[in-house]
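Enquirer: Let me begin by handing over the structure; questions about it come next.
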Amino acid sequence: MKVYSLSGKSGTGKSYQAINLCRKMNIESIIDDGLFICRNKVIAGISAKRQPTKVGAVKAALFTSDEQQQEVVKAIQRVKPKSLLVLGTSDEMIDKIVARLALPSPEKRVYIEDITTEEEREIAAKQRKEMGQHVIPAPTFQIKRQFSGYFMSPLKFVKDFGPWGSGRHSSEKSIVRPTFSYMGKYRISDKVMSDIVECIKDETESIYEVQKVIVTQRQEASHEGIDVYVVADMKYGENLPDSAVRFQNEIAEKIEEMTAFNVIRVDMEIRDVV
């Protein structure tokens, strides 16, 4: 396996440039901020950007947790990528990651200054400092379980050839605002969830009234998100099973779209037919 490295100061756009560099150098996998990503898919690891503190983020990026380290090492051995790009803030950090994951020494070291202009690095630094935005070189649907409830948006790129695409579909990167962002945390009340469900009901002919909405948060290592329980009355004459399934799917889609929460399941109780 050939190992390459990309280093640069924090906030200079390494994660944003990673897929472009992989495409150019025909590299099929990435180690970035605690994640092992191969061909646009998160294979293993825990994102440093999901840690509650900056110290915790550094530890995750360096794979100091034995459990995380072993998971990623086993995943690399299982997938057996022909090439791997390791991202870090310095050569020293990259060497620590390489040693921790039992990887060969990088045969080529690339620096962010080699592949970006000063203007591009300034733009990246501004987005990090003023907007708290961080990029993960993986699709949003791949990381939403780790970032349930945090701002996420996709960046898509068309005509993606090589190991990161088929030539017909675009590769995708995701923008997140990490837990440790200096901009602070935000909360979404259960009333907001109820209002979203109520708005969906108003646009759904088969639902007569929503009686109750209960939201339960799950915080598990590999399955983070929310469960939604809805009690509703339906209109007489409707196909209850089909209408209920459509309503459940619409609830999950709209809540994820409007709040960035990962909806694990939507359970529905039909209390009455009116």
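The values are calculated or read from the model by the stated rules, or taken from the named source; none is laboratory data. These numbers come from a predicted model, not from an experiment. Don't worry about glycine lacking a Cβ; one is built from the backbone with ideal geometry, like all the others, and counts go over all protein chains shown. Ligands, DNA and RNA are excluded from the accessible area calculation, which covers all protein heavy atoms including side chains. Shrake-Rupley method; radii C 1.70, N 1.55, O 1.52, S 1.80 Å.
Enquirer: Quick check on packing: order 32-39, 53-60 by the mean number of other C-beta atoms within 10 Å, highest mean leading.
Expert: 32-39, 53-60
Enquirer: Here's another thing I want to ask about it. Taking a 23 Å limit on the Cα-Cα distance, which of the listed pairs 9/41; 2/41; 14/54; 54/74 fall beyond it?
Expert: Long pairs (Cα-Cα over 23 Å): 9/41; 54/74.
Enquirer: Among the aspartates and glutamates, which have Cα under 16 Å from the Cα of residue 108 when same-chain residues fewer than 8 positions away are ignored?
Expert: By straight Cα distance, residue 108 reaches 28, 91, 92, 95.
Enquirer: What aspartates and glutamates does residue 49 reach when the alpha-carbon gap must be under 14 Å and sequence neighbours fewer than 8 apart in one chain are set aside?
Expert: 32, 33
Enquirer: List the GluC sites (Glu not before Pro) within segment 1-110 that DSSP assigns to loop and that have no more than 11 neighbouring Cβ atoms inside 10 Å. Numbers along the way, then the final one.
Expert: Values: sites: 28, 67, 71, 92, 107; in loops: 28, 107.
Those that pass, being in a loop and sparsely packed, are 107.
Enquirer: For segment 36-77, what is the accessible area per residue in Å² when the probe is 1.4 Å?
Expert: Numbers: 2090 Å² over 42 residues.
That works out to 50 Å² for each residue.
Enquirer: Ok, one more. Determine the share of segment 74-131's accessible area contributed by carbon and sulfur atoms, expressed in whole percent, with a 1.4 angstrom probe.
Expert: Of all accessible area on segment 74-131, carbon and sulfur atoms account for 48 percent.
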